[in-house]
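For reference, the structure is listed below as structure tokens.
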Amino acid sequence: MRILWLTLGIISAGIGIIGLFLPLVPTVPLMLLATFCFARSSDRLHNWIITHPRFGPQIIDWQERRAIAKRAKIAATVSVFAAFGLSLVFRLPIEILAIQGITLLGVLIFIWTRPNS
């Protein structure tokens with residue numbers, strides 16, 4: 001089971017790191033998932049991720065207070081609007097836009113109702 005958790009953690013961390021460079025790929029949620037997986041598989045990787053200068057503070061804020069930094073909230077909001085804007089540019093069917101809009105609105109409500117770190 002440890003190998004499964006380790007594999008999922010490495011995949012999540014890898015995609016999360018790619019998200020640093022590609023817009024619309026969520027970095028922090030994937031790093032949170034990687035942290036969860038590493039906690040069950042590798043003390044060394046778990047320590048690495050929670051002490052990492054870029055990821056660690058956000059992970060600890062979430063684990064201790066379920067808090068999201070205001071800067072991250074703003075970045076997420078911009079990403080949501082960009083994604084929806086692309087859907088409009090590509091003229092997706094109205095049904096798809098409605099589903100996407102409702103889902104993205106739910107995501108934004110969740111994000112903005114968390115405390116600031």
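Which of the three applies to the stretch 70-117, rounded, prolate or oblate, going by the alpha-carbon gyration tensor with a ≥ b ≥ c and a/c under 1.5 meaning rounded? Show your work: numbers first, answer last.
Numbers: a/c = 6.60, a/b = 1.99, b/c = 3.32.
It is oblate, given that a/c is not under 1.5 and a/b is not larger than b/c.
Counting helices only, and only those DSSP H runs with n ≥ 4, report the 222 nm mean residue ellipticity of the chain as the sum of -39,500 (n - 2.57) divided by its residues, in deg cm²/dmol to the nearest 500. Please list the in-between numbers first.
Working: 6 runs with 88 residues, N = 117.
The helix-only estimate for the chain comes to -24500 deg cm²/dmol at 222 nm.
Add +1 for every Lys or Arg and -1 for every Asp or Glu among the other residues with Cβ under 15 Å from the Cβ of Pro115, and state the total.
Net charge around Pro115: +4.
Mind checking the per residue accessible area of the chain for me, 1.4 Å probe, whole number of Å²?
Working: 7840 Å² over 117 residues.
With all protein chains present, the chain gives 67 Å² per residue.
Please report Rg (one decimal) and Dmax (integer) in Å for the Cα set of the chain.
Values for the chain (Cα only, Rg and Dmax): 16.0, 48 Å.
Only Lys, Arg, Asp and Glu count, each charged at its Cβ (+1, +1, -1, -1), so figure out the dipole size of the chain about its Cα centre, rounded to 20 debye. Write out the running numbers ahead of the final one.
Numbers: 11 positive and 4 negative charges, 41 e Å.
Here the chain has a charge dipole of around 200 debye.
Whole percent per 10 Å bin, from 0 to the bin with the longest distance: what is P(r) over all C-alpha pairs of the stretch 20-64?
Percent of Cα pairs in each bin: 29, 55, 16, 0.
The values are calculated or read from the model by the stated rules, or taken from the named source; none is laboratory data. None of these values were measured; they are calculated from a predicted model. No Cβ is skipped: glycine too gets one built from the backbone with ideal geometry, and neighbour counts run over all protein chains shown. Side chains included, ligands, DNA and RNA excluded: accessible areas come from the protein's heavy atoms. Shrake-Rupley method; radii C 1.70, N 1.55, O 1.52, S 1.80 Å.
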